[in-house]
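The values are calculated or read from the model by the stated rules, or taken from the named source; none is laboratory data. Nothing here was measured: the structure is a model prediction, and the numbers come from that model. With ideal geometry, Cβ positions are generated from the backbone for all residues, glycine too; neighbour counts draw on all protein chains shown.
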Amino acid sequence: MVIYIDVLLFTNTLINYCILSATKKFLHSNSKEFRLILGSIAGALFSLTVFIPSINTFTSIVIKLFCSVTMCLISFRYCNIKLFIKHITSVFLFTIIFCAVMIAFYQLAKPQKMAIVNDNIYVQIEPILLIVISIAVYILIILLQKILGNNINNTLVNLCVTIDNKEYSCIGKVDTGCTLTEPFSDSPVIIMEKELLNDVAGKNERIIPYKALGSSGIIYATKAQKVSIDKKDIHKDIYIGMFDGTIDPCFKAIINYNILR
């Protein structure tokens, strides 16, 4: 079978984009689309190993792992080691699962316009069928997200808070270790960096004692009019605590896990 480089790169770029999109939704990452596209293209370059005469299984796994690291660095950047390992693991596992499914399909159907060389997939495919497959993959990702959406655990989300009719948005971390509540109402508290809420300070504040962030003390909090997480409104009374300092380079808020239960 004749392998065309342009078809090879295009097919693998599409596959990588689906894998990176699945990872983004699975881990609630806040990565721009153009970074996913760049990461997909970089990963597709590794598919050129089809032209190497023979690659053993161990070498193939090492190449795929290195490919996953490269795609993650480009698509999601490096924030901290734990989050980076999660991204690499997810991309690597999604890649292995996708390859396993395609290899099984190849063995069963023996399609004439498909080849798997050195664990790389090459498909000569009609544009309409390619669009249908892309839509099917996207729907599968959405369904996976719906199924696992209630099991968010120590992950990053898009947080939007409304206070005094003003919206404040940032990346927040859902933390199972955060159970902070407002003492009188027992309402859950979201901790945000004070720098994001400077014009809120001094308005309807409550004093809340805490033991977190490696220290203990008190923080000032105010009740939110509205809170949404990943564009989903949370119908609970929630207080926003103002932390005077930097929480983390990758996120600006810590979200009480009970808010999502």
Quick count over segment 216-261, residues being of a type in the set (Asp, Glu) and in contact with a Ser or Thr (Cβ under 6 Å, 6 or more places away or on another chain), is 1
Of the candidates Leu27, Leu45, the one satisfying the condition of being more than 16 Å from Leu156 (Cβ to Cβ) and either small (Gly, Ala, Ser) or not assigned by TED's automatic domain parsing to the domain that holds Asp230 (or both) is Leu45
Leu83 passes all but one of the listed conditions (1) buried (at least 21 other Cβ atoms within 10 Å of the Cβ); (2) of a type in the set (A, V, I, L, M, F, W, C); (3) at pLDDT 80 or above; the exception is number (3)
Matching residues in segment 235-253 (modelled with pLDDT of 90 or more and hydrophobic (A, V, I, L, M, F, W, C)) number 3
For Leu65, the lone unmet condition from (1) in contact with a helix residue (DSSP H, G or I) (Cβ under 7 Å, 6 or more places away or on another chain); (2) surrounded by 15 or more Cβ atoms within 10 Å (Cβ to Cβ) is (2)
Looking across segment 169-207 at residues that are among the hydroxyl-bearing types (Ser, Thr, Tyr) and within 13 Å of Thr222 (Cα to Cα), the single one that is surrounded by the most Cβ atoms within 10 Å (Cβ to Cβ) is Ser187
Scanning segment 45-77 residue by residue, the ones that are under 13 Å from the mean Cα position of the chain (by Cα) and either farther than 17 Å from Thr23 by Cβ or aromatic (Phe, Trp, Tyr) (or both) total 1
Per the list (1) assigned to a helix (DSSP H, G or I); (2) under 30 Å from Lys232 (Cα atoms), residue check on Ser31 breaks on (1)
